[in-house]
1. Does the stretch 1-35 hold any residues that are out of contact with any strand residue (DSSP E or B) (no Cβ under 8 Å at 6 or more places or on another chain) and in a loop (DSSP other than H, G, I, E, B), and which are they?
2. What's the total number of residues in the stretch 75-88 that are in a helix (DSSP H, G or I), in contact with a strand residue (DSSP E or B) (Cβ under 7 Å, 6 or more places away or on another chain) and either farther than 16 Å from residue 15 by Cα or modelled with pLDDT of 90 or more (or both)?
3. Restricting attention to the stretch 36-74, report how many residues are without any contact (Cβ under 8 Å) to a residue 24 or more places away in the chain and part of a loop (DSSP other than H, G, I, E, B).
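The values are calculated or read from the model by the stated rules, or taken from the named source; none is laboratory data. Since this is a predicted model, take the numbers as computed values, not measurements. A quick note on method: Cβ atoms are made from the backbone with ideal geometry, for glycine too, and the neighbour counts reach across all protein chains shown.
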Ligand code: SF4
(Lines give C-alpha, C1' and ligand atoms only; values in the text may rest on other atoms or scores of the structure.)
Protein backbone atom coordinates (compact mmCIF):
# COMPACT_ATOMS: atom_id res chain seq x y z
CA UNK A 1 0.00 0.00 0.00
CA UNK A 2 1.39 3.42 -0.95
CA UNK A 3 0.74 6.58 1.02
CA UNK A 4 1.08 10.11 -0.30
CA UNK A 5 4.32 11.85 0.53
CA UNK A 6 3.57 14.99 2.50
CA UNK A 7 6.29 17.47 3.29
CA UNK A 8 6.26 20.33 5.76
CA UNK A 9 7.63 23.51 4.21
CA UNK A 10 11.16 24.34 5.32
CA UNK A 11 10.18 27.99 5.80
CA UNK A 12 7.73 27.24 8.64
CA UNK A 13 8.51 28.80 11.99
CA UNK A 14 9.31 25.99 14.47
CA UNK A 15 6.34 24.93 16.57
CA UNK A 16 3.01 23.19 16.67
CA UNK A 17 1.57 24.45 13.38
CA UNK A 18 2.93 24.02 9.88
CA UNK A 19 2.01 24.32 6.21
CA UNK A 20 2.72 21.44 3.85
CA UNK A 21 3.75 21.47 0.22
CA UNK A 22 0.14 21.08 -0.98
CA UNK A 23 -0.49 24.82 -0.41
CA UNK A 24 -1.82 26.42 -3.60
CA UNK A 25 -1.17 30.02 -2.59
CA UNK A 26 -4.84 31.02 -2.32
CA UNK A 27 -4.04 33.37 0.57
CA UNK A 28 -7.16 32.65 2.63
CA UNK A 29 -5.05 31.83 5.68
CA UNK A 30 -3.33 35.20 5.54
CA UNK A 31 -6.63 37.04 5.16
CA UNK A 32 -7.89 35.33 8.33
CA UNK A 33 -4.76 35.16 10.45
CA UNK A 34 -2.26 37.42 8.75
CA UNK A 35 0.13 37.62 11.69
CA UNK A 36 0.98 33.94 11.32
CA UNK A 37 1.37 33.50 7.58
CA UNK A 38 3.70 34.92 4.98
CA UNK A 39 4.36 33.98 1.37
CA UNK A 40 7.26 33.33 -0.96
CA UNK A 41 7.77 33.65 -4.68
CA UNK A 42 5.10 36.28 -5.19
CA UNK A 43 2.45 34.31 -3.32
CA UNK A 44 3.11 30.92 -4.90
CA UNK A 45 2.76 29.34 -1.46
CA UNK A 46 2.40 30.40 2.16
CA UNK A 47 4.14 29.25 5.32
CA UNK A 48 3.90 29.78 9.08
CA UNK A 49 5.72 33.04 9.80
CA UNK A 50 5.17 32.80 13.54
CA UNK A 51 3.25 30.51 15.90
CA UNK A 52 0.15 31.58 17.88
CA UNK A 53 0.97 32.68 21.41
CA UNK A 54 -2.36 32.73 23.26
CA UNK A 55 -5.92 31.39 23.14
CA UNK A 56 -7.20 34.20 20.91
CA UNK A 57 -4.44 33.57 18.40
CA UNK A 58 -5.03 29.80 18.58
CA UNK A 59 -8.67 30.47 17.65
CA UNK A 60 -7.57 32.47 14.60
CA UNK A 61 -5.24 29.68 13.55
CA UNK A 62 -8.02 27.12 13.94
CA UNK A 63 -10.23 29.22 11.69
CA UNK A 64 -7.48 29.32 9.06
CA UNK A 65 -7.10 25.53 9.30
CA UNK A 66 -10.84 25.00 8.84
CA UNK A 67 -11.03 27.29 5.80
CA UNK A 68 -7.81 26.22 4.07
CA UNK A 69 -8.83 25.08 0.62
CA UNK A 70 -6.16 22.39 0.40
CA UNK A 71 -6.09 21.06 3.98
CA UNK A 72 -2.50 22.26 3.87
CA UNK A 73 -2.22 23.56 7.44
CA UNK A 74 -1.39 20.91 10.01
CA UNK A 75 -0.71 20.69 13.70
CA UNK A 76 1.47 18.29 15.64
CA UNK A 77 -0.96 18.40 18.54
CA UNK A 78 -3.87 16.58 16.94
CA UNK A 79 -4.46 13.19 15.39
CA UNK A 80 -4.72 14.41 11.82
CA UNK A 81 -4.02 12.43 8.69
CA UNK A 82 -0.57 13.99 8.65
CA UNK A 83 0.23 12.97 12.21
CA UNK A 84 -1.07 9.45 11.83
CA UNK A 85 1.33 8.73 8.99
CA UNK A 86 4.09 10.72 10.66
CA UNK A 87 5.32 12.56 7.61
CA UNK A 88 7.78 15.36 8.24
S1 LIG B 1 -5.36 28.73 2.98
FE2 LIG B 1 -4.17 26.82 2.75
S3 LIG B 1 -3.89 26.56 0.53
FE4 LIG B 1 -4.49 28.71 0.89
S5 LIG B 1 -2.53 29.82 1.06
FE6 LIG B 1 -3.14 29.23 3.15
S7 LIG B 1 -2.12 27.27 3.54
FE8 LIG B 1 -2.09 27.63 1.32
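1. Matches in the stretch 1-35: 1, 2, 3, 4, 5, 10, 14, 22, 26, 33, 34, 35.
2. 0
3. Counting residues in the stretch 36-74 that are without any contact (Cβ under 8 Å) to a residue 24 or more places away in the chain and part of a loop (DSSP other than H, G, I, E, B) gives 3.
Matching residues to (1) modelled with pLDDT of 95 or more; (2) surrounded by 14 or more Cβ atoms within 10 Å (Cβ to Cβ):
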position	(1), (2)
31	yes, no
39	yes, yes
55	no, no
61	yes, yes
68	yes, yes
